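Below: one structure, written as structure tokens.
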Amino acid sequence: MAGYCKGTEYMQQSQMIIALTVIVSIVVLAAAAILLVKCVRRFRHNRRTGFMDEMEGHDFEFFCAELLEQQGFMDVEVTRGSGDFGVDILAEKDGVTYAVQCKRYNSPVGVEAVLRTYGGRAYYERMVGAVMTNQYFTAPAVEAAKKLQILLWDRGYIDEMLDE
């Protein structure tokens with residue numbers, strides 16, 4: 001009987017060790033899967049958005065126009081290259097008219113883009129003005145946009161649009 005108890009204890013310990021090994025293996029595999037998914041998402045994201053940095057300015061305007069159409073904007077029109085009064089795209093969504101300036105830059109977008117969009121919005125008699133960029137905005141640009149009620153659509157916002 002004493003030998004039987006030791007054998008039973010040994011079997012219970014073996015089963016516990018096997019169960020713990022299985023649990024640890026599952027946790028390690030889950031962590032590896034999560035890491036793999038994050039790496040794949042980052043790779044896809046960089047491959048998808050990195051091309052914006054290589055575009056010419058006018059190509060970026062057409063890219064932005066197409067993106068706005070995919071977001072449900074209607075009557076999307078790219079304005080002529082020069083003499084556009086600071087507006088590259090005219091569009092409408094849900095009865096609201098937009099004047100959008102596109103800036104494909106290698107550095108943060110400054111206050112001048114906000115001021116030109118403000119003027120262009122008035123010139124084209126649009127309800128909303130927005131600056132759309134592959135970069136981010138300087139603090140003065142953000143401050144001016146708040147005062148002048150200009151929307152700022154930065155790289156992060158474009159990324160969100162692409163993810164939808």
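Quick notes
- Screening Asp84 with (1) open to solvent by less than 60 Å² (accessible area, probe 1.4 Å); (2) acidic (Asp, Glu); (3) at pLDDT 95 or above gives one miss only, at (3).
- Tyr136 touching a Pro at 6+ places or on another chain (Cβ under 6 Å) and open to solvent by 10 Å² or more (accessible area, probe 1.4 Å): yes
- The condition of being part of a helix (DSSP H, G or I) and either open to solvent by less than 40 Å² (accessible area, probe 1.4 Å) or of a type in the set (A, V, I, L, M, F, W, C) (or both) holds for Asp159.
- Look at (1) at pLDDT 95 or above; (2) over 27 Å from Gly50 (Cβ atoms); (3) in contact with a helix residue (DSSP H, G or I) (Cβ under 6 Å, 6 or more places away or on another chain) and you find that Glu92 fails only one, number (3).
- Selection from the range 109-133 of residues that are assigned to a loop (DSSP other than H, G, I, E, B) and surrounded by fewer than 16 Cβ atoms within 10 Å (Cβ to Cβ): Glu125, Met127
- Counting the residues of the range 66-80 that are in contact (Cβ under 8 Å) with a residue 24 or more places away in the chain and either touching a Gly at 6+ places or on another chain (Cβ under 7 Å) or assigned to a strand (DSSP E or B) (or both) gives 0.
- Filter pass, Lys147 being open to solvent by 80 Å² or more (accessible area, probe 1.4 Å) and more than 20 Å from Phe60 (Cα to Cα): yes
- The condition (being over 30 Å from Asp163 (Cα atoms), in a helix (DSSP H, G or I) and modelled with pLDDT of 75 or more) is satisfied by just one residue among Ile34, Ile17: Ile17.
- Taking the range 1-14 as the range and being at pLDDT 75 or above and hydroxyl-bearing (Ser, Thr, Tyr) as the test, only Ser14 passes.
- Test: residue in the range 99-107 that is over 23 Å from the mean Cα position of the chain (by Cα) and either among the charged types (D, E, K, R) or crowded, with 17+ Cβ neighbours inside 10 Å (or both): no
The values are calculated or read from the model by the stated rules, or taken from the named source; none is laboratory data. Just so you know, these numbers come straight off a predicted model, no measurement behind them. Note that we place each Cβ from the backbone using ideal geometry, even for glycine, and neighbour counts take in every protein chain shown. Please note that ligands, DNA and RNA were not included when accessible areas were found on the heavy atoms of the full protein model with its side chains. Shrake-Rupley method; radii C 1.70, N 1.55, O 1.52, S 1.80 Å.
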